[in-house]
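Read through the structure below, which is laid out as structure tokens, and then see the notes.
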Amino acid sequence: MTPSPALVDLEDVRPQVDALLAGHVTRLGAELGTLGADTAPLVEAVARMLSGGKRLRAAFCWWSWRAHGGEPGTREAAAVLRVGAALELFQAAALFHDDVMDDSDTRRGMPSAHRAFERLHAERALVGDAERFGASAAILLGDLALVASEQEFAGALADAPVSRATTARQVFDLMRTEVTVGQYLDVLAQAMPWGDDPDADEARARRVIRAKAARYSVEHPVVLGAALADADAPALDACRELGLPLGEAFQLRDDLLGVFGDPSTTGKPAGDDLREGKRTVLVARALRLARARGDEATVALLRDHLGDRTMPDEVVARLASAIESTGAVEEVERTIEELAGRAFAIMAARSWPEPAASHLADVAHAAVDRRA
């Protein structure tokens, strides 16, 4: 299922995080406005990126904090919401940069930032290379979002006890380092030979998932929420133990949607991951299964067309059909179920109070069962 707005609206989590993000856009507009009208497109691009998203990371952080004893309406609650906003700003930075590295045309049904600035270059009849101009602008937008994320996080912890601030800072800094290195590992994987050893391909894809997506999408937000509630070391370890498999399941679902998702809900063209040539667990398993049954036609189809950005829709559909015919989709679904089941078992064993325990589980189910 797609995460219900009600899940992130409970206790006004989304509205309050959205208000913090809107405040950031307003302040950014005022700051950049002093530098002249040419900065307006930057503010507009940040506003567009921040206007979308499910706020799942903020929700994971909030409900983990509540599950570990946090109480709404307190001074600490305001700090947790600011940390949620910092997570969303970091997500925005990652998306600005990721779209450049993946050369993605769209983001949430709209032109990606680098494409929008390419168009701006053309509309204003600017000199030089439009593509390079767009990529440069998007990289700088990501940097702006990173600055804002750090500002929001530091502000959230400004009055926190030293031990709490230190633990939370360690988690946040590790998250940022892992995502950056994970992004490099993803770029490296894209440049390596593909299809000769599907088992090695899958192992590499899963390393990328853990570093680039699983930990920062689920594990670190859940650990951050617990840390902000002054949870002890065993409780933090339990958050890590449930957060990593749940985060892997989340990303594996994303990989399925990247091939089989409905464009009207995913905001990206059908099969966009195939055109981008993403080296996913799904494709690695399809290649392994095709090889195991001697289906060299499917192996050749995938190796010849994966990453072809000029692929017409009918070829994309053929690739998707070929992947499905290998049984890879069913295998990935079973892996999602196994990973998520491991996480939910750990959740069920925790003595978390209600309604936080149920709401955190609901957000987790929405993350792995989503269709967008």
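Every number here is computed from the coordinates shown, using simple stated rules; none is lab data. Just so you know, these numbers come straight off a predicted model, no measurement behind them. Cβ coordinates were reconstructed from backbone atoms using ideal geometry, including for glycine residues, and neighbour counts include every protein chain displayed.
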For the chain, what is the mean residue ellipticity at 222 nm derived from helices alone (per DSSP H run of n ≥ 4: -39500 (n - 2.57); sum divided by total residues; nearest 500 deg cm²/dmol)?
-24000 deg cm²/dmol
Hey, can you rank 189-201, 270-282, 316-328 by average C-beta count inside 10 Å, highest first?
270-282, 316-328, 189-201
Starting at the first residue of segment 81-89, write each ³J(HN,Hα) from the Karplus equation 6.51 cos²θ - 1.76 cosθ + 1.60 with θ = phi - 60°, in whole Hz, x for Gly and Pro.
5, 5, 5, x, 5, 4, 5, 5, 5
What is the pair-distance distribution P(r) of segment 306-372, computed from all Cα-Cα distances in 10 Å bins starting at 0, with each bin given as a whole percent?
16, 32, 25, 16, 10, 1
Roughly what would the spin-label model give for D173 and T74, points 7 Å off Cα along C-beta, in nm?
2.6
For D38 and D262, FRET efficiency with R0 = 56 Å and r from the beta-carbon atoms, rounded to 0.05?
0.90
Quick one: among A135, A160, A343, which has the greatest mean-square fluctuation in a GNM of the chain with alpha-carbon springs under 10 angstrom?
A160
Per 10 Å bin from zero, what fraction in whole % of the C-alpha pairs of the chain is there, up to the bin with the longest pair?
5, 23, 32, 24, 12, 3, 0
In whole Hz, with x marking every Gly and Pro, tabulate ³J(HN,Hα) for segment 331-346 from phi via Karplus 6.51 cos²θ - 1.76 cosθ + 1.60, θ = phi - 60°.
5, 5, 4, 5, 5, 4, 4, 5, 5, 5, x, 4, 5, 5, 5, 5
Using 7 Å Cα-to-Cβ label points, what is the L126/A348 separation (nm, one decimal)?
5.5
Can you list residues from other chains, or at least 5 along the same chain, whose modelled amide H is less than 5 Å from the amide H of T106?
S112
Straight-distance crosslink candidates among lysines, where the alpha carbon sits under 20 Å from K278 and sequence neighbours closer than 8 are dropped:
K212, K268
7 Å from Cα along Cα→Cβ at both T106 and E331: what's the point-to-point distance in nm?
3.0
A correct Karplus calculation of ³J(HN,Hα) over segment 36-53, with 6.51 cos²θ - 1.76 cosθ + 1.60, θ = phi - 60°, whole Hz and x for Gly and Pro, returns x, 5, 5, 7, 4, x, 5, 5, 4, 5, 4, 4, 4, 5, 6, 6, x, x
Pick out which of R215, R27, R108 has the largest mean-square fluctuation in a Gaussian network model of the chain, springs linking Cα atoms closer than 10 Å.
R27
1/(1 + (r/R0)^6) with r = Cβ-Cβ of R293 and V181, R0 = 56 Å, i.e. FRET efficiency to nearest 0.05, evaluates to 0.95
What length, rounded to one decimal in nm, is gained on full extension from I139 through to V162, with 0.36 nm per residue of separation minus their alpha-carbon distance?
4.9 nm
